[in-house]
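The values are calculated or read from the model by the stated rules, or taken from the named source; none is laboratory data. Note that the structure is a prediction, hence the values are computed from the model and not measured. Cβ sites come from the backbone with ideal geometry, for glycine too, and all protein chains shown count toward neighbours. Side chains included, ligands, DNA and RNA excluded: accessible areas come from the protein's heavy atoms. Shrake-Rupley method; radii C 1.70, N 1.55, O 1.52, S 1.80 Å.
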Amino acid sequence: MDLTERCNLRCVMCYFSVTDRLRFPPFDRELADNGNMPLATFERIAETYFPRAWRVALGCAAEPLIHRDFAAIVRAAGRYRIPELWFPTNLLALNADKAEAIVAAGVHTVAVSVDGMRAETYEKIRVGGRFAQLLERLALLNEARRGSRTRLRFIFTWMRSNREDLQLLPAFAAEHGAAEIDVRFVTPTVGVDNAAELLSGEDPSALNDELAAAGEAAVARGIRLAYYPGFETPEDREENLAAIAKRALWRVRAGLYRWEYFDYELAKWRHGCAYPGRTYVIRPNGAVSPCIFWNEPPLALAPETPRAEVDRRLGAIREAIRCGEPQGSCAGCTVRGDAFYQPFRGDETRPLGD
Ligand SMILES: C[S@@+](CC[C@H](N)C(=O)[O-])C[C@H]1O[C@@H](n2cnc3c(N)ncnc32)[C@H](O)[C@@H]1O
């Protein structure tokens with residue numbers, strides 16, 4: 001879910017480079033002038049959706065830590081003991097109160113977006129951010145989470161400006177105590193001229209070699225790959241048993257074999273898409289959609305629409321896909337059934353979300 005429509009940065013590749021506010025349909029519905037979800041609304045949504053949730057992201061397209069009531073929100077979410085409570089963030093708005101609340105709430109993962117391992121790269125991409133401030137906030141978070149279950153992930157969006165920094169990521173992640181990394185290609189974004197950053201025109205075998213080197217260096221340091229683009233082509237694969245076993249072992253160490261992939265595959269096989277009925281995207285104005293790729297008017301409004309009715313509508317969407325007559329955004333969807341969209345190599349347009 002998104003707690004706010006705003007971000008404190010203007011990253012070159014992101015929709016926030018051209019706007020200070022994302023608007024979500026229905027456009028005539030705002031719950032607060034400042035674009036934040038009111039705390040009381042959050043609490044009602046939490047009551048409805050959190051008791052049986054397995055994973056909740058307190059951020060999606062915007063920056064959760066800038067919400068004035070973030071500490072209260074995360075504490076409220078913590079009461080539901082969600083197994084995977086997490087959020088993506090640039091971390092720059094962290095303070096001691098928020099850090100304490102994150103850890104006390106039992107947040108499972110704080111995923112910090114760090115697209116540069118050097119001040120020069122970071123500040124070129126993350127416009128408005130200062131690398132020195134990021135390092136201070138990382139130290140604050142690390143101090144607060146010492147001995148707790150809260151783990152750190154780094155998200156690295158790979159593009160031309162930070163192409164070389166990918167090789168610095170494993171050591172940077174190890175130095176700052178990150179348990180895992182999430183690497184993804186920069187993608188085109190409607191309304192944003194980020195063509196100069198795309199890697200889609202580059203030699204794929206050189207990109208694959210660079211991904212392989214960084215991925216192997218990370219795993220050798222004990223860092224898991226939360227998401228990572230595939231870098232092996234079918235021709236790379238030696239077919240002897242020893243090579244297959246070695247690769248499988250590496251993938252286990254990298255954390256790339258996860259039961260949830262199997263679970264998603266199963267849902268995809270049963271319903272044609274793993275999203276409707278299993279995920280809920282909730283925006284700051286309460287709009288509920290089946291996935292971040294949905295760009296039609298939302299299915300429902302939270303907290304007013306009863307949960308049973310939301311689930312009935314999601315069931316109808318799933319059934320339509322299963323019957324081969326997809327409705328709404330599903331009709332033109334190109335990613336249907338992809339449980340995770342990390343294999344994008346810069347030729348898919350970016351949806352509003354992480
Ligand atoms: C939009 S941000 C929102 C959350 C938070 N403000 C943050 O910085 O993580 C989520 C993630 O999307 C990534 N991102 C932004 N624009 C992108 C693009 N064009 N292609 C791929 N990832 C992008 C960011 O680097 C960030 O890791």
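Quick notes
- Filtering Thr48, Thr19, Thr41, Thr4 for residues that are under 17 Å from the mean Cα position of the chain (by Cα), more than 9 Å from the ligand (Cβ to nearest atom), over 24 Å from Ala178 (Cβ atoms) and of a type in the set (S, T, N, Q) leaves a single hit, Thr4.
- Residue check, Ala99 surrounded by 21 or more Cβ atoms within 10 Å (Cβ to Cβ) and either under 20 Å from Arg149 (Cα atoms) or free of Cβ contacts under 8 Å to residues at least 24 places away in the same chain (or both): yes
- Residue in the range 300-319 that is part of a loop (DSSP other than H, G, I, E, B) and of a type in the set (A, V, I, L, M, F, W, C) present: yes
- Residue count for the range 121-169 under the criterion of being of a type in the set (Lys, Arg), in contact with a strand residue (DSSP E or B) (Cβ under 6 Å, 6 or more places away or on another chain) and within 14 Å of the ligand (Cβ to nearest atom): the result is 1.
- Selection count where residues are in contact with a strand residue (DSSP E or B) (Cβ under 8 Å, 6 or more places away or on another chain) and open to solvent by 30 Å² or more (accessible area, probe 1.4 Å), scope the range 177-192: 3
- Cross-chain or 6+ apart pairs with Cβ under 8 Å, the range 243-260 first and loosely packed, with under 12 Cβ neighbours inside 10 Å, then in a helix (DSSP H, G or I) and of a type in the set (A, V, I, L, M): Tyr257/Ala248
- Qualifying residue in the range 72-82 (condition: open to solvent by 60 Å² or more (accessible area, probe 1.4 Å), part of a loop (DSSP other than H, G, I, E, B), in contact with a helix residue (DSSP H, G or I) (Cβ under 7 Å, 6 or more places away or on another chain) and more than 12 Å from the ligand (Cβ to nearest atom)): yes
- Test: residue in the range 200-223 that is within 12 Å of the ligand (Cβ to nearest atom) and either farther than 21 Å from Ala119 by Cα or within 20 Å of the chain's Cα centre (by Cα) (or both): yes
- One residue alone among Arg130, Arg145 is without any contact (Cβ under 8 Å) to a residue 60 or more places away in the chain and either of a type outside the set (D, E, K, R) or open to solvent by 40 Å² or more (accessible area, probe 1.4 Å) (or both), and that residue is Arg130.
- Considering only residues in the range 202-239 that are hydrophobic (A, V, I, L, M, F, W, C), modelled with pLDDT of 90 or more and touching a Leu at 6+ places or on another chain (Cβ under 8 Å), the one that is nearest to Arg258 (Cα to Cα) turns out to be Leu225.
- The helices (runs of 4 or more DSSP H) falling completely within the range 112-220 that include 1 or more residues that are among the aromatic types (Phe, Trp, Tyr) map to 119-125, 131-145, 169-175.
- Test result for Gly272, touching a residue at least 40 places away in the same chain (Cβ under 8 Å), loosely packed, with under 13 Cβ neighbours inside 10 Å and more than 30 Å from Thr19 (Cβ to Cβ): no
- Of the residues making up the range 105-130, those that are touching a helix residue (DSSP H, G or I) at 6+ places or on another chain (Cβ under 6 Å) and under 18 Å from Ala57 (Cβ atoms) are Ala105, Gly106.
- Residue in the range 25-39 that is under 20 Å from Thr150 (Cα atoms) and among the aliphatic types (A, V, I, L, M) present: no
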